[in-house]
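J.: Take this structure, written in C-alpha cells, and hold onto it; I'll ask about it next.
Read-outs throughout are calculated quantities, based only on the coordinates presented, and are distinct from any laboratory measurement. The structure presented is a predicted model; accordingly, all values stated were derived computationally and were not measured. As a convention, Cβ positions derive from the backbone with ideal geometry for all residues, glycine included, and neighbour counts pool all protein chains shown.
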Amino acid sequence: MTDSSTATDDADVDSCVRIGSIVSSNSHLDYVVEVYKERDCERPPKLHEREFGQPVFIKKTVDGTEHVVMGVIYDTQLVDPDQGRTGPRLAQDDQAQFTPGYIEERTTLAGVALLGTAVITEDRSIADPSHQMPRWTLEVDDTVFHCPNEVTVAFHTVDDQIQLAYVDRLIDVAGDLGAEVVVALIERLRGMLPDDDPNQRVLDVVEQNVKWQARQRRGVV
C-alpha cells in the first residue's frame, strides 16, 4: 500500500495542478494536450505528475451542472519544429500522429484517452461516476488537470465496488499501449487501497484478464 501521506491527497478539484491545454483531437475519445512550461503558468507539472498512466480530468459545465471528464495519459511525443515536427513515438506506427501543425517551438505533447464523467459536488469533490463514453466534445484550450488520488478512487468506486468498465474502450484508443496503460492504472489503484481491501482481488482479476488478452494478440505484456 502507498504511504498515506501520498495516497490521500487533496480531493478538491479546484486546487489541482494544471497539466496543459488541449490543442487537437484524433477522435471523440482521443485528445492531444500541450504540456505547460514555466512561462505558461505559475506551477507547471513536474515530470511524475504527467507520466504514463497518470489520471487527469477536464472541468465542463453542461446545462448548469459542473462535471469532470476523466481521462488518462497514454502516450507522449516530443516536438521540435526545426526537425520537421517529428519526435520519439510510443504509439504504434499506424496510429494517427498527433502533432498539431501550428506548433512553433519545442514542446511536449501528451495523448489523453477519455474514460468517463462525474458530477462536481458542492464541496468540490466528485459523485455519480460514469464509465460510459462521454457525450460531450472537449474544446481547444480546455485545461487538463492532474487528478488527485482521492478523486481517482472516487471515480472508480460504485457502491463500494471498484469498477473499470472503460477497459475495452481504452485499449482500443491506446492501441499497442492499451494493455500497459490499463495495468498502470490498476497499479495506481492498488497502491491507493488498503492491502486487505476486497477490491484488491477485483484489480488482480482485471489485470490478469488484460494481460492474457494482450498475450493472445501480440505476446507478453
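J.: Sort GLU66, GLU49 so the one with the fewest other Cβ atoms within 10 Å of its own Cβ comes first. Could you put the intermediate results ahead of the total?
T.: Numbers: GLU66 15, GLU49 18.
If I rank by nearby Cβ atoms, fewest first, I get GLU66, GLU49.
J.: On to the next question. Taking θ = phi - 60°, what integer Hz values does the Karplus form 6.51 cos²θ - 1.76 cosθ + 1.60 yield along the stretch 192-203, in sequence order, with x for Gly and Pro?
T.: With the stated coefficients, the stretch 192-203 comes to 8, 9, x, 4, 9, 5, x, 5, 4, 5, 4, 5 Hz.
J.: For the stretch 37-79, which trypsin sites (Lys or Arg not before Pro) are in a loop by DSSP, counting at most 12 other Cβ atoms within 10 Å?
T.: Working: sites: LYS37, ARG39, LYS46, ARG50, LYS59, LYS60; in loops: LYS37, ARG39, LYS46.
Qualifying residues, ordered by number: ARG39, LYS46.
J.: Per residue of the stretch 127-133, what does 6.51 cos²θ - 1.76 cosθ + 1.60 with θ = phi - 60° give for ³J(HN,Hα)? Whole Hz please, x for Gly and Pro, Karplus curve as stated.
T.: Coupling constants for the stretch 127-133: 8, 6, x, 10, 9, 6, 4 Hz.
J.: What is the fewest-to-most order of TYR74, TYR36 by other Cβ atoms lying within 10 Å of their Cβ? Please list the in-between numbers first.
T.: Details: TYR74 27, TYR36 22.
Ranking TYR74, TYR36 by Cβ neighbours within 10 Å, fewest first, gives TYR36, TYR74.
J.: Non-local amide H neighbours of THR121 (under 5 Å, H modeled in plane, Pro and chain starts lacking H): which ones?
T.: Here ILE126, ALA127 satisfy the definition.
J.: Restrict the search to the stretch 125-221; then list the chymotrypsin sites (Phe, Trp or Tyr not before Pro) that DSSP places in a loop and that have at most 14 other Cβ atoms within 10 Å of their Cβ. Provide the component values of the computation, followed by the final result.
T.: Values: sites: TRP136, PHE145, PHE155, TYR166, TRP212; in loops: TRP136, TYR166.
Sites meeting the loop and neighbour criteria: TRP136.
J.: What ranking of VAL79, VAL68 emerges when the number of other C-beta atoms within 10 Å of each C-beta is taken as an exposure proxy, fewest first? Present the calculation step by step, with values, prior to reporting the outcome.
T.: Working: VAL79 19, VAL68 23.
Sorted ascending by nearby Cβ count, the order is VAL79, VAL68.
J.: Give the shape of the stretch 129-191 as rounded, prolate or oblate, defined through the alpha-carbon gyration tensor: a ≥ b ≥ c are the square roots of its eigenvalues, a/c under 1.5 means rounded, and otherwise the shape is prolate if a/b is larger than b/c and oblate if not. Spell out each step's value before the answer.
T.: Values: a/c = 1.45, a/b = 1.15, b/c = 1.26.
The shape class here is rounded.
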